[in-house]
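The block underneath contains the structure these notes are about, expressed in structure tokens.
The values are calculated or read from the model by the stated rules, or taken from the named source; none is laboratory data. What you see is a predicted model; the values in this text were computed from it and never measured. As a convention, Cβ positions derive from the backbone with ideal geometry for all residues, glycine included, and neighbour counts pool all protein chains shown.
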Amino acid sequence: MTLRTRPPAAPASRTAARRLRALRHSRFRRFLVGQSTSLLGSGMNTIATAFAVLRLPGGGVDAVGVVMAARILAVLVVLLLGGVLTDRLGARAVMLTADLLRFASQAVLAALLLTHSARIWEVAVLAVVLGIGEGGFGPGLTALVPGLVPAEDLADANAVLQIAQAVASVVGPGLAGLLIAVSDAGSVVAADAVSYGVSVVALAGLPLSPPAVLRRGLLAELAHGWAEFVSRTWLWVTTLHISLFNLLLWAPFLVLGPALARQRLGGARAWGLVLALYGIGSIAGGSALIGRHPRRALAWSMAASAGWALPAAALAARAPLAWVAAAAFLAGGGAAVCTTLTTTVIQREVPAGIRGRISAFDSLGAFALGPLGLTLAGPVSGVVGADRLLGLGVLWQLTAVAVVLALPSVRRHDSSRAPRC
């Protein structure tokens, strides 16, 4: 009789190297440095701009809302154009132009703030320019990464980028607060401009990606992109799922969360802890995905989206701070898994020639209802109550996840058999 023994475990160093093999590729490392730096700048920007507007003549909460809304609307308006241009001109060229716009907008704003000559309307106009750059950059991101790493390392590359975004979301606001305390908002905006400059240098060093041959007009190419988008049931269903989640659950959570934290959890510090734990959870979720490539990636991503219901459920149940923070940590982990796996599936299954437009429709569909949810959350909670509104959002999310997973196009979707385009 022979004894069956397990093969010896691989050394920890070898396992770690295998998990981080996406970093072996110099082009991806270069892009990661630029992207991480600009993400950190963006994480600092929101805080800096808000404090800058509050200190301007005529500034206040309403003015902050106008500036933020102008930026978001510009992103949404430009997304589809960014998708077409990405497919027509190549991802790198469009992203480079977008980062130059973002660099210019923040450099001008920093100069105005540092010379104490900024006015509200100027900040709003520059926010629009910044939003145009962000709307142009987004579709290119999904299209560019598959050209930086081999297909087998694509999921790991997306996980690393997700970790970078999560780190920036945690570190950026805190760093901005420290810099504002010792200096002023103009200095933080100047640092944001520099971060976009670093991204410009990183992108400029990458090889040009071959553009698709698009001979039709803008509207015709958008129509073609839309036809390709709706022809993939798994794609439009998951996009609709995230869109309704943003409207019915996440927007009320973001609007009502600070008020409920002030009433029950201890105020701004408590809410800051909740958001920080969400970011740390995203880091943990992205880290856990590195080196792991589930066959049913789409089903796993949709299952992970159920995690977003946890912090809202904890708030609605009037749970103590520790439970809300723990729920936010789990939600962050689920967010990283959902985002990373969905992005990887799109990159693997959508041909390069339409990837920019598909990404644009996906992003627009996912976030278009967010501003409406942010606007309606306060008035609706005044009618039905904050706890009940959050509870309804939780019920919707869990039901929607179950329905989406019940669809064969999602549940049986196997991205491991998809052609690498």
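Residues of segment 91-112 being modelled with pLDDT under 90 and out of contact with any Leu (no Cβ under 6 Å at 6 or more places or on another chain), which ones? Within segment 91-112, just Ala93 meets the criteria. Would you check if there is a residue in segment 409-421 being within 23 Å of Gly82 (Cβ to Cβ), at pLDDT below 85 and not acidic (Asp, Glu)? Within segment 409-421 (the criterion being within 23 Å of Gly82 (Cβ to Cβ), at pLDDT below 85 and not acidic (Asp, Glu)), the answer is yes, since at least one residue qualifies.
Taking first residues from segment 67-85 that are crowded, with 17+ Cβ neighbours inside 10 Å and partners that are of a type in the set (Lys, Arg) and at pLDDT below 85, no Cβ contact under 7 Å between residues at least 6 apart in sequence or on separate chains turns up. Taken over segment 3-58, the residue count meeting the criterion of being of a type in the set (A, V, I, L, M), over 22 Å from Ala181 (Cβ atoms), surrounded by fewer than 16 Cβ atoms within 10 Å (Cβ to Cβ) and at pLDDT 75 or above is 1.
Counting only helices (runs of 4 or more DSSP H) that sit wholly inside segment 233-351, those with at least 3 residues that are β-branched (Val, Ile, Thr) are 233-245, 268-289, 321-349.
Determine, yes or no, whether Leu277 is of a type outside the set (Ser, Thr, Tyr), modelled with pLDDT under 90 and either within 21 Å of Leu374 (Cα to Cα) or in the same structural domain as Asp362 (by TED's automatic domain parsing) (or both). In short, yes.
Only one entry of Ala316, Ala402, Ala309, Ala327 meets the criterion of being out of contact with any strand residue (DSSP E or B) (no Cβ under 8 Å at 6 or more places or on another chain), within 25 Å of Leu277 (Cα to Cα) and either free of Cβ contacts under 8 Å to residues at least 60 places away in the same chain or of a type in the set (Val, Ile, Thr) (or both), and that entry is Ala327. When restricted to residues that are more than 12 Å from Leu248 (Cα to Cα) and not in a helix (DSSP H, G or I), segment 368-384 contains 1. With respect to Ala327, is the statement that it is of a type in the set (A, V, I, L, M, F, W, C), buried (at least 23 other Cβ atoms within 10 Å of the Cβ), modelled with pLDDT of 80 or more and not assigned by TED's automatic domain parsing to the domain that holds Ala164 true? So Ala327 fits the description; yes.
Quick check: anything in segment 142-149 touching a residue at least 12 places away in the same chain (Cβ under 8 Å) and not in a helix (DSSP H, G or I)? For segment 142-149, residues touching a residue at least 12 places away in the same chain (Cβ under 8 Å) and not in a helix (DSSP H, G or I): present. Taking the criterion of being touching a residue at least 60 places away in the same chain (Cβ under 8 Å) and either surrounded by fewer than 20 Cβ atoms within 10 Å (Cβ to Cβ) or hydrophobic (A, V, I, L, M, F, W, C) (or both), the residues of segment 276-291 that qualify are Ala276, Ile280, Ile283, Ser287, Leu289, Ile290, Gly291. Filtering segment 164-208 to residues that are closer than 21 Å to Val64 by Cα and part of a loop (DSSP other than H, G, I, E, B) leaves Ser183, Asp184.
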